[in-house]
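Here is the structure we will look at, set down as structure tokens.
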Amino acid sequence: MDRTLAFISIGAVTLILSGYAMPQWAVFLTTVSLCYGTVVLGMILLVRTGLVSFGHGLYFCLGAYAAGTLKPFFGLSELVFMLIAAILVTTITSFALGFLLRKYRDIFFAMLSLAFSMILYGLLSKSTELGSTDGFNVTAETAFGIALSELEYGRYLIFVITVGTSWLCCTLLHLYLLSNKGKLAEAIRDNELRVEYLGASVNNIIHINYVISAVLAGLGGALMSISIGHIDPEMSYWTTSGEFVFITIMSGSSSVIAPFLGAAVFTSIRSFAYEYSPDTWQLLLGVTMLVIIVFLPEGLWSLFSKIKKKGSP
Amino acid sequence: MISFLAILIDGLIYSSWLFIIAAGLTLIYGVMKILNIAHGSLYALGAYTAASLSGLWLSMGFAPIGSFVIMLLSAILVGIILGPIIERGLLRFMYGRDEIVLVLVTYALFLILEDVIKLIWGVNPYYLYQPYALLGSFEILGLTYPNYNFLLLGSAVFTGLSLTWFLQKTQQGKILIAVIHDSEIAAAQGINVEKFYLITFTLGATLAALGGVLTAPMISVQPGIGAETIVLAFAVVVVGGLGSLPGAALAALVIGLVRAGTVHIIPELDLFSVYLVMATVLIFRPKGLFSSQEERKI
Amino acid sequence: MKRLVNTFVLITMILIFCPKCLSEEPPLRIGFVSFLSGPASSDYGIPARNAAMAIVSSLNAGAAPNPHNMRGFSGRQIELVFIDEAGGTTKQVTEFNQLVLRHKVDFVIGYLSSANCLAIAPAAERLKVLTILMDCGSAQVFEENNYKYVFRTRSHATMDAIAGAKYLLKIFPEIENFSGINPNYAYGQESWRDWNAVMKVLAPKVESQSSHMTKLGTGHFNSEISSLLTKKSQLIHSSLWGGDLKAFLIQAKARGLFKSTRLLLVAGEPNLQKLSGFIPDGTIVGARGMSSGMLDNQSDLNMWLKSIFKKETGETASYPVYSVANAILGLKKAYEKARLSKLQKAVPMADVAGVQEGMKEAYSPPNTQQIIESFENLSYETPNGKVSMIQGNGHQAVHGTSYGVTRTLEGKVNIENILFFPAKEVQPPGNTKSLDWIRNRLPTRNP
Amino acid sequence: MTAVLRTKNLLKNFGAVKAADNLNITLESDTTVGLIGSNGAGKTTFLNMVTGYLTPDHGTIYFENENITGKSPRDITRRGVYRSFQIPQVFNTMTVKENLEISVSIGMNQPNYTKHIDETVNNESSIIKNSLQKFKLEEYQEKVASQLPEGTRKLLDISMALVMKPKLLLLDEPTSGVSAEEKFNIMDMVMNAVRSEKIAVLFVEHDMEIIKRYTDRTLAFFNGRVIADGLTNEVLNQENVIENILGSSI
């Protein structure tokens, strides 16, 4: 049994069990972190492929809107359908955009992604039927057919589903990264030319990885919309994508667990800064970012891998 | 006819403003490979400094025309003080890191400076509207424009020309181009690359501040003015081809005219016209308008 | 007089039966959320925060005039926890959770952005915490939902359009056409939509010419101004605010836009004095309620608010200050009413069995449930007149508004020709949706 | 003997520079051919055209009688044409072993991408072990590629191309940047590996000692044209070759 997989599963079970006893605010922070973590999971796949997207808010937002518009357009508010809708919409969109974006690298990939996400922002801000910049409220009324509002533990069930989805995404991505194709991501980052000259298609792999990361972002967005209960176009604004990039760099891309750790640290720091220095939280967040970038160049995860290395020389 | 002319004039004015800000950004990227988000804060700092200092000048009853000198001095002041502080104090420890990490470093800096501005100037707006009307106005086909807009246009042209002159005709400029081309080779040839980083960043910061200074008379200077500006400047720089000065000029022109056109003809599209231009250009010219496609040597 | 008696009864009863209550009860914690950074901080968020501090410290000292003169909330001290409203709805809902669950605030007051209001309302319901939306304008909040824990102590923005149109047609009946320049986000879009709907009903012959929607924080209005100059409309409708409004005015004035065109500012009041020098005379401005900047209101409450705010900040009280006063005083009134009614119920109980338990219950502070009950349909005095919580099943405030035209004298912006529109003329009755009400030609309330 | 590679009237211009001027070249299987020429004679351009990195302006390239002109490097590689590079193209952040594992996983598992990489590597461990042995890379196998000496990087580069059992192997200056003592070592290892597999080899080389020692046939390029083609000894003694190529390199 793979150690990482064991750790992920133990972690998920621990979260589900302790979620029952945890104070509600901690459950909420954890939920938010898991949603961010799922998005960042997709980002690290891109980072491993050598790409950083400054526009992943596009899929975060699309996923959320796909989930949220099921009710007004189709009268559906089943959580499972919401997640499926998010997967479908993000898959189709990223598959189409992928034909274009897979040709781009470096800052140009980042900037073209940014442009697309800002176009979505503009479109949504213009559509009064969808509440324009105010967005609208989203509720999942049932999950697997169980009415959530009638249950005393409805919120807890949403938490469990969020943990479960994150666990599934995390596990699948870990397995993918270890497969022949997944391994090629790093090869592409190192040397695209060599990959082509060994006979594998760089464009195809980038395309596939792009779609996977988009779906993960969409799932993160859908889960977020369900926990927060509200969506608006800001999810597609460049600052949202910027946050994802920050969590990604902060986490480090060497493990699939890192994004969740990074997201948890990020949400806690931000929450802390908001509460304890409401006037200067930006300053506090900025300084923290610099400290992490300077002292942990490989991301937070390097703290753990260092300890691991020391432990087993 | 009127609206065609209006689109042209409005577009040109807007382009001038875009270019002044984008010129510094593209220069910094060209030399240092840093996409500087804190450029937006330097822009805001320029506006605040000009509003405070020129406001002081005016309130002391000196000749109003002198406020233009004060404005120029404000830009230089911000550039000369903050440029070196940021470059020597922070950025130089980051050289060699990934481009994306550098973007994040400047993002962190942007957050910090936003609050620093708030701590220094508070949240109440500052005004410097006097210079805007000081130069009189001209009328064309029934449309009035303050002559101040000429100052904006003139500054943009002057900035563009003097930078081009500096890069192409002076010894220092030529070395700078060498650094832009390949900083490693330049360093190997004994060029003090670090010195040029410092010069470039200071120059870029001054240009950012100049953009803010020139905008101050047209707006109310208050928190948040840097954030919107920086994304626009990004779009210009990317559309033009990162690091290319003529590219930035052309991109500013295109974006300026397109925006003016949409406002006049289809105002609904205003919100994302800039990004549509950006996406369209990148789709057809993946590295922007002005950039040589380099074959990789194998 | 009745109020005075009530207050007296309340204090004496507490002092007799529970002498230590006033000092021993822990302070009430209120989470206060307003923009402390970004573009909305300067005209809205920070003045609101300062106002909250000034009002709370004055209330804690018992220095407010009648009928709000009791210390704190019926004797209980108040503590404020401040949070920045910037950063989007995800962050706001997260921080709202933190406020309630971790910081254990008893109430939350705040929110200017309609997006935040829409997002916070369901969260408040979920966490069962009494939340007062103090400023956001979207009619959607209560018209499309039925909330129990959420109150809004300001009327929604539809009123601005209706009152504005009525005022315009009164002073400028010969108007033939208008154009608009509004910020390109929900508030601006709704504002323009409502305005057009109202004009269509009240003056169907007036032509709506062109609409500009500008990105927030644009700064440059040359293109928009040129376009408006070429249109030569008689009136420009605008819901721009803050920095954008000022930039627009500076640039439009320099280009002579207002020589031939009249301006109507829906949200002009919050920074009216700061617009001195470039707001053209004759601009029609709305108050978004009844701020004292417009009405020469000499009530004790208004004098009190003006003076404590001046003392705290050295500035004149503006729109957001009154929003905060509406919210805090409303909550105070509801809290005290709940406590009083509990105590009044307790008196006859003294005779019957279970006296001890009955008394204990009666003197304990009211719970959220009881406060909500007394808040619903409450009418109370504020520095700018009476506010009635009668829409949205008793959760949405209704009050009148006023419009006037500006004239700048010696650097001070004065407002003349002020007309006050009582609530029933500019607000839909009961639970009618505002757009429906407009489209049905604004029928007034049936008695 | 059958022709593995055949080019017909290949033309390629870079602006005014003729990098390929009517090249008609045929390579037979199981031969080792040297390609010489001064800088800018069009040697690498020829390799780049054959492997699909560049498209010729005119002319056709046949590999095993199939027209491969204009196909991508990937398609051509999959048909069995592998190459090494003047500047070694390896995966810099990975270890030597991982570099080979990636090569194997691509080469051996085209249809089976979702398989766990360890499984693939275990199945093909003999190939990797073999390569490590043949190229004396065992001691470096856990070293990260970016930290290897240049000669070893060259070897790794070549061994990655060879892992895949090519039909035609193109080597671009296999000994450039390598010390004089090392160069024969490297070439011995490469040629031993190649000979045991019966692969056609074309290598670009500046070093005439290498050409003499390892090739049967030599092609000489000058200004994009073939000025000599024949048995190595004969070509090296041809007057125009001495004048245009050897003269300048001495």
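Readers should treat all values here as calculations from the given coordinates under stated rules, not as data from a laboratory. Because the structure is predicted, anything quoted here is derived from the model rather than measured. Neighbour counts run over all protein chains shown; Cβ positions are idealised from the backbone, glycine included.
Values as computed for the structure displayed
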{"quantity": "Chain C - percent relative contact order, Cα under 8 Å, separation 6 or more", "calculated": "17"}
{"quantity": "Low-density loop positions, chymotrypsin sites (Phe, Trp or Tyr not before Pro), region B:84-193 - DSSP coil, at most 16 other Cβ in 10 Å", "calculated": "B:Tyr95"}
{"quantity": "Compactness relative to 2.2 N^0.38 Å, alpha carbon Rg of region B:146-204", "calculated": "1.42"}
{"quantity": "Gap separating the Cα centres of region C:41-107 and region D:171-232, nearest whole Å", "calculated": "82"}
{"quantity": "Mean shadow area of region B:149-298, taken as a quarter of the surface of its Cα convex hull (nm²)", "calculated": "11.5"}
{"quantity": "Dipole magnitude of region B:2-284 about its Cα centre (Cβ charges: Lys, Arg +1; Asp, Glu -1), debye to nearest 20", "calculated": "540"}
{"quantity": "C:Asn440 paired with C:Glu176, simple spin-label distance in nm, labels 7 Å along Cα-to-beta-carbon", "calculated": "3.6"}
{"quantity": "Qualifying chymotrypsin sites (Phe, Trp or Tyr not before Pro) for region B:1-85 [loop in DSSP, other Cβ within 10 Å: at most 16]", "calculated": "B:Phe62"}
{"quantity": "Under 12 Å from D:Lys198, Cα to Cα: aspartates and glutamates that are on another chain or at least 8 residues apart", "calculated": "D:Glu28, D:Asp30"}
{"quantity": "Sites excluded, trypsin sites (Lys or Arg not before Pro) in DSSP loops with at most 10 other C-beta within 10 Å, longest stretch of chain C", "calculated": "C:206-440"}
{"quantity": "Value of Rg to Rh for chain D (Rh from inverse mean 1/r over Cα pairs, i.e. Kirkwood)", "calculated": "0.97"}
{"quantity": "Prolate/oblate/rounded label for chain B (Cα gyration tensor, a/c 1.5)", "calculated": "oblate"}
{"quantity": "Estimated 222 nm signal from helices in chain C, with DSSP H stretches of n ≥ 4 weighted -39500 (n - 2.57), rounded to 500", "calculated": "-13000 deg cm²/dmol"}
{"quantity": "Rg followed by Dmax, in Å, when the protein assembly as shown is reduced to its Cα trace", "calculated": "35.9, 132"}
{"quantity": "Amide H within-cut-off set for D:Ala228, under 5 Å, with H built and near neighbours excluded", "calculated": "D:Ala220"}
{"quantity": "Under DSSP loop assignment and at most 10 Cβ neighbours within 10 Å, longest GluC sites (Glu not before Pro)-free interval of chain C", "calculated": "C:175-409"}
{"quantity": "Given 16 as the ceiling on other Cβ atoms within 10 Å, longest exposed-site-free region of chain A for chymotrypsin sites (Phe, Trp or Tyr not before Pro) in DSSP loops", "calculated": "A:154-313"}
{"quantity": "Whole-Hz couplings from phi, Karplus 6.51/-1.76/1.60, listed for region C:76-89; x for Gly and Pro", "calculated": "7, 5, 10, 10, 10, 10, 9, 9, 6, 7, 6, x, x, 5"}
{"quantity": "Residues with amide H under 5 Å from that of B:Ser137, placed H, sequence gap 5 or more", "calculated": "B:Asn147"}
{"quantity": "Over chain A, relative contact order from alpha-carbon pairs under 8 Å, at least 6 apart, %", "calculated": "34"}
{"quantity": "Sparsely packed GluC sites (Glu not before Pro) within region D:130-206, loop by DSSP, other Cβ within 10 Å at most 11", "calculated": "D:Glu142"}
{"quantity": "Region B:64-185: Rg to Rh, with Rh as the Kirkwood radius over Cα pairs", "calculated": "1.06"}
{"quantity": "Given charges at beta-carbon only (K, R positive; D, E negative), |dipole| of region A:3-238 in Debye", "calculated": "720"}
{"quantity": "Estimated FRET transfer efficiency (A:Ser9, A:Thr239; beta-carbon r; R0 30 Å; 0.05)", "calculated": "0.30"}
{"quantity": "HN-Hα J in Hz across region C:230-235 - Karplus 6.51, -1.76, 1.60, θ = phi - 60°, x for Gly and Pro", "calculated": "6, 6, 6, 5, 7, 9"}
{"quantity": "Chain D, relative contact order [Cα under 8 Å, separation at least 6], %", "calculated": "28"}
{"quantity": "Vicinal HN-Hα couplings computed from phi for region B:9-14 (Karplus, 6.51 cos²θ - 1.76 cosθ + 1.60; Hz; Gly/Pro x)", "calculated": "5, 4, x, 4, 4, 5"}
{"quantity": "Residues whose placed amide H lies under 5 Å from that of C:Leu80, excluding near-sequence neighbours", "calculated": "C:Ile30"}
{"quantity": "Within straight-line cross-link reach of C:Lys342, lysines at Cα separation under 30 Å, skipping those fewer than 8 residues along the same chain", "calculated": "C:Lys2, C:Lys20, C:Lys104, C:Lys128, C:Lys148, C:Lys332, C:Lys333, C:Lys360, C:Lys386"}
{"quantity": "Kirkwood-based shape ratio for region A:3-238, expressed as Rg/Rh from alpha carbons", "calculated": "0.99"}
